[in-house]
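J.: Provided herewith is a single structure, encoded as structure tokens, for subsequent inquiry.
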Amino acid sequence: MKETTFIRQNIEKWRQLETVVDSASGQDPGRLADAYTEITTDLSFSRSHYPRSRITIYLNNMALALHNTLYKNKKETQSRLLHFWTAEVPRVMYASRRELSYSFLLFVLSAAVGYLSQANDESFARMIMGNGYIDMTLHNIENGNPMGVYDHGSSLLMFFQITINNIRVAFIAFVTGLLTGFGTGLVMLANGVMIGTFETFCFQQHVGMESLLAIWLHGTLEISAIIVAGAAGFALGNGWLFPGTYSRGYAFAAGARRGLKIVIGTVPIFIIAGFIESFLTRHTDAPNWLRGGFILLSLAFVIFYYIVLPFRLRHDISQS
């Protein structure tokens with residue numbers, strides 16, 4: 001790639017990063033770390049292709065300035081984890097908004113496939129969920145407790161089992177992005193079809209509303225986090241498939257860093273969802289308005305954290 005093309009494609013980003021460097025003392029550590037990563041990424045490319053260029057010197061100076069600030073303030077960043085979840089994750093979600101839309105649309109389409117399949121063949125649920133689970137659910141429905149599956153066993157043991165399993169699924173969705181995003185797509189497909197199938201099955205058994213209130217009490221956070229983990233996998237795959245102006249290895253490493261931040265950011269969401277599923281969902285006798293309100297509150301959090309906040313932070317940076 002010609003140097004002029006490299007400059008033209010990145011000049012606006014560098015100008016924004018200059019404002020971060022100039023006001024480094026007033027910036028949060030998370031934003032400084034993101035800026036440092038972006039600058040050093042471009043610097044590495046510039047050094048490889050234009051070692052004696054002025055643009056290499058320019059990027060090197062910005063990197064040095066941020067490096068000194070970061071290490072000077074290293075002992076003062078005790079709230080690094082807080083900054084990670086309140087600043088770094090939302091910013092990387094803005095950068096991954098396209099991958100998030102892919103993951104969401106694939107999940108919705110998969111749920112629609114589950115719905116149509118079950119609506120046209122009532123035995124489809126047995127193929128997806130297994131005979132044992134369906135028979136148990138039918139037995140619970142006959143006993144007047146359709147969501148009785150959440151009543152059994154130790155809440156604490158269930159919490160650990162569910163949380164660990166959900167985090168495992170999230171990391172599988174991320175790591176299978178190595179298969180150019182195909183593996184991530186299969187994870188989204190499996191989860192979407194399962195949700196669409198089971199909800200349709202419950203409505204066919206005339207317990208649809210109860211299933212919605214019970215499952216989505218924890219599922220609003222849990223399923224949203226799985227969709228976000230899908231975005232992490234697609235970010236990893238896109239770095240390999242669509243390197244743009246960078247080398248394939250370089251773009252892949254950048255996509256991997258972005259995806260890893262996203263999937264790590266889902267861990268607290270899965271922990272909260274696991275707690276709700278283990279300790280709260282079992283209380284199916286709770287008022288419907290209370291459970292419905294909790295679901296809407298969870299949905300509002302997801303929309304704010306993964307959509308509104310990323311755009312707000314991006315707007316603040318562009319205005320600074």
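The values are calculated or read from the model by the stated rules, or taken from the named source; none is laboratory data. All values derive from a computational prediction rather than experimental measurement. Cβ sites come from the backbone with ideal geometry, for glycine too, and all protein chains shown count toward neighbours. Protein only, heavy atoms only, side chains kept; ligands, DNA and RNA dropped before computing areas. Shrake-Rupley method; radii C 1.70, N 1.55, O 1.52, S 1.80 Å.
J.: Keeping every protein chain in place, order 54, 91, 312 by accessible area at 1.4 Å, biggest value first, i.e. largest first.
T.: I get 54, 312, 91, largest accessible area first.
J.: Rolling a 1.4 angstrom probe over the protein chains, ignoring ligands and nucleic acids, what is the accessible area of residue 133 in square angstrom, nearest 10?
T.: The value for residue 133 is about 70 Å².
J.: Can you find, among 267, 201, 41, the residue farthest towards the positive end of the dipole of the chain? Put +1 on the C-beta of Lys and Arg, -1 on that of Asp and Glu.
T.: Going by the charge dipole, the pick is 41.
J.: Per the 1.4 Å probe, what fraction of the accessible area of the chain, in percent, lies on carbon and sulfur atoms?
T.: About 65 percent, which is the carbon plus sulfur part of the accessible surface.
J.: Computed from these coordinates, which is Kirkwood radius over Cα pairs in Å: (i) 21.8; (ii) 23.9; (iii) 21.2?
T.: Matching entry in (i) 21.8; (ii) 23.9; (iii) 21.2: (i).
J.: Next up: Rank-order 61-68, 104-111, 210-217 by packing density, defined as the average count of other C-beta atoms within 10 Å over each peptide's residues, highest first.
T.: The most tightly packed comes first, giving 210-217, 104-111, 61-68.
J.: What full-extension length gain, to one decimal in nm, is calculated for residue 289 and residue 116 as 0.36 nm per residue of separation minus the Cα-Cα distance?
T.: Full extension from residue 289 to residue 116 adds 59.3 nm.
J.: Order 136, 147, 129, most accessible first, counting only protein heavy atoms with a 1.4 angstrom probe.
T.: 136, 129, 147
J.: Go ahead and estimate [θ] at 222 nm for the chain from helices alone: -39,500 (n - 2.57) per DSSP H run with n ≥ 4, summed, over the residue count, rounded to 500.
T.: -25500 deg cm²/dmol
J.: Please label the shape of the stretch 114-205 as rounded, prolate or oblate, based on the square roots a ≥ b ≥ c of the eigenvalues of the alpha-carbon gyration tensor (a/c under 1.5 means rounded; beyond that, a/b larger than b/c means prolate, else oblate).
T.: Because a/c hits 1.5 or more and a/b fails to exceed b/c, the stretch 114-205 counts as oblate.
J.: A follow-up question, please. For the residue pair residue 312 and residue 58, what label-to-label distance in nm results when each label sits 7 Å from Cα along the Cα-to-beta-carbon direction?
T.: 3.4
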